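Shown next, in structure tokens, is the structure this report addresses.
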Amino acid sequence: MARRRSPAELLREADIPPLWLALFALASWAIGRLLPLPLPSLPFARAAGAVLIGAAMGLMALAALQMALHRTTMIPRRQPAALVTGGVFALSRNPIYLADAIVLAGLDLWWGASLALPLVPVFMAFIAHRFIRAEEAWIGAAFGADYKAYCARTRRWL
């Protein structure tokens, strides 16, 4: 019989980046509804938002494909089996988190929620604190000098 998980364990399993992206997106949407302020200098903000969201989804797909090809996990808080440094990982050490931030910016533009745009760097700082730092420590411990060299040539975000 399977062991029952505690509420703390269940919350930890639910504490994943897509949940936080959804919560930040909900906050952006609410700001856009309460204080709509489309960017007047960007008459095609909705189209720009759609382009950003599409590009971010493509970036996520490429990163996921590369991780799958290297047979390593995409799930936060799991030890990676391989260090992926090529392709989109040569541009950013965290292309999926970067894509999440781009999605949030795209949604802000799509919704005309320009007053919510400051949530994008807040989201990035939050994700770095909540997930990236620990992941970097695990990857650094697992891959040592190779990871250190990768960090020296590739930025965390862009």
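At a threshold of 8 angstrom on Cα-Cα distance, excluding pairs fewer than six apart, so keeping six or more, what relative contact order does the stretch 43-153 reach in percent?
On the way: 98 pairs, mean separation 37.2, N = 111.
It comes to 34 percent, rounded to a whole number.
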**Report entry** Net length gained if the chain between residue 143 and residue 130 were fully extended (0.36 nm per residue, minus Cα distance)
**Finding:** 2.6 nm
Report task. Normalise the Debye intensity by I(0) for the chain, one equal point scatterer per Cα, no solvent, then take log10 at q = 0.09, 0.10, 0.14, 0.16 Å⁻¹ and round to two decimals. Result -> -0.35, -0.43, -0.78, -0.95
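Counting other beta carbons within 10 Å of each Cβ, put 74, 60 in order, fewest first. Could the numbers behind the result be given before it?
Numbers: 74 13, 60 20.
If I rank by nearby Cβ atoms, fewest first, I get 74, 60.
If I require 18 Å or longer along the helix axis, counting alpha carbons, and a Kyte-Doolittle average no lower than 0.5, what helices from the chain are left? Use full DSSP H segments.
Working: long enough: 17-34 (25 Å, 1.27); 45-69 (36 Å, 1.69); 95-110 (22 Å, 1.41); 133-153 (20 Å, -0.25).
Length and hydropathy pass: 17-34, 45-69, 95-110.
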**Report entry** Exposure proxy ranking, count of Cβ atoms within 10 Å, fewest first, for 117, 98
**Finding:** 117, 98
Requested in this report: Grab every C-alpha pair in the stretch 40-109, bin the distances at 5 angstrom width from 0 up to the longest one, and report whole percents.
Outcome: 3, 18, 23, 20, 13, 10, 7, 4, 2, 0
**Report entry** the stretch 49-107 versus the stretch 127-158: alpha-carbon centroid distance in Å
**Finding:** 14 Å
Query raised in the report: Between the DSSP loop rule and a limit of at most 15 other Cβ atoms within 10 Å, which trypsin sites (Lys or Arg not before Pro) in the stretch 70-158 are left?
Result: 71, 77, 78, 155, 156
**Report entry** Range of Cα positions in the stretch 70-123 per principal axis (Å), largest first
**Finding:** 41, 23, 16
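Sort 114, 6 by Cβ crowding within 10 Å, fewest neighbours at the top.
6, 114
Computed from the coordinates by the stated procedures, all read-outs in this text should not be read as laboratory data. Computed from a predicted model, the values in this text were never measured in an experiment. Cβ sites come from the backbone with ideal geometry, for glycine too, and all protein chains shown count toward neighbours.
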